[in-house]
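Scroll down for the structure; my scribbles are underneath it.
Every read-out reported here was derived from the displayed coordinates using simple, explicitly stated rules and does not represent laboratory data. Just so you know, these numbers come straight off a predicted model, no measurement behind them. Virtual Cβ from ideal backbone geometry, glycine too; neighbours counted across all protein chains shown.
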Amino acid sequence: MSRLKKRSSLTRLADFLFECGMLRRTPRSGYQFLGTGSENVAEHSFGTAVIGFVLAQMAGANKERTALMCLFHDLHEARTGDFNYVNRMYNTSLRTRALADALSGTGLGEDLMPLWEELEETQSQEARLAQDADQIDLMLNLKEQSDLGNKYADKWLAAAMKRIRTPEGKKLAKAVMETDHTDWWFLGPDQSWWEKKNGSRKDLPKISVPGMTDDAPDAEGNEDGQ
């Protein structure tokens with residue numbers, strides 16, 4: 001890393017952002033064993049951050065701190081790659097060193113390294129919630145694969161459920177297990193919408209949009225459904 005020490009902090013921030021982008025091209029490797037599904041580390045980090053925010057709100061914990069822990073919890077994988085549970089039986093990685101090297105010279109280390117250490121120690125409520133968020137994001141993907149017919153996903157779900165630590169995590173994980181992954185969009189409109197929809201949007205239920213009059217053309221979309 002010696003050649004990077006001469007770079008300005010602003011240039012190192014640019015380096016850091018490019019490195020974060022690498023997570024979009026870093027696959028979550030467990031899906032090769034599951035046989036279906038796919039995800040990259042950036043997608044997982046986003047999902048985990050959202051779930052962490054939700055869990056912290058449920059628990060009355062610090063939402064921002066929990067979400068930040070979640071957002072950066074796998075940043076080191078831009079350098080190490082993702083080790084699934086099979087890989088970990090035979091391999092280790094220098095995760096803390098990888099994260100420290102990524103943050104070196106950026107000015108971000110003072111904020112992010114303590115969050116990483118807190119997450120790893122798993123003593124604070126926020127850290128435990130963040131750990132649960134990591135598992136629940138996996139469970140959401142596994143539930144989708146289970147709904148689509150992958151019976152092996154059910155075994156993974158049962159194992160993931162046992163890793164949940166907090167009461168809030170257990171409640172949310174249980175709700176995930178009991179909810180069809182398509183319900184959020186399929187159950188919205190009346191069943192007749194799916195049976196009769198063809199062509200214009202005249203029969204689409206009206207949705208009140210603040211600041212728009214009922215006769216505004218964009219309130220219900222144009223006739224070709226765009």
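Per-residue ellipticity at 222 nm computed for the chain from its helices equals -17000 deg cm²/dmol, with DSSP H segments shorter than 4 residues left out and the rest contributing -39,500 (n - 2.57). Annotation: extensible slack from V50 through S124 equals 24.8 nm (criterion: 0.36 nm per residue apart, minus Cα-Cα distance). Placing a pseudo-label 7 Å from each Cα along the Cα-to-Cβ vector at M177 and L4 gives an inter-label distance of 4.2 nm.
Farthest toward the positive end of the dipole of the chain, out of V50, M113, A130, is the Cα of M113, where the dipole comes from beta carbon charges about the Cα centre. From largest to smallest, the equivalent ellipsoid semi-axes obtained for the stretch 2-186 from the alpha-carbon gyration tensor read 30, 20, 14 Å.
Report the net charge of residues surrounding E168, where surrounding means a beta-carbon distance below 13 angstrom and charges are Lys +1, Arg +1, Asp -1, Glu -1.
Here the count lands on +4.
For N40, nonlocal amide neighbours, meaning residues 5 or more places apart or on other chains whose placed amide H falls under 5 Å from its own, are R28. Between T11 and M58, the modelled label-to-label distance comes to 4.7 nm, taking each label 7 Å out from Cα in the direction of the beta carbon.
Between N87, N150, N62, the GNM of the chain built on Cα springs shorter than 10 angstrom shows N87 fluctuating the most.
Set the Förster distance to 25 Å, then compute FRET efficiency between Y90 and M113 from the Cβ-Cβ distance, nearest 0.05.
Once the sixth-power term is evaluated, E becomes 0.35.
In a DSSP loop and with at most 11 other Cβ atoms within 10 Å, the trypsin sites (Lys or Arg not before Pro) in the stretch 1-42 are K5, K6. Students often get this wrong, so check it: of K63/K143; K151/K171; K143/K174, which have C-alpha atoms separated by over 18 Å? Violating the 18 Å Cα-Cα cut-off are K63/K143; K151/K171.
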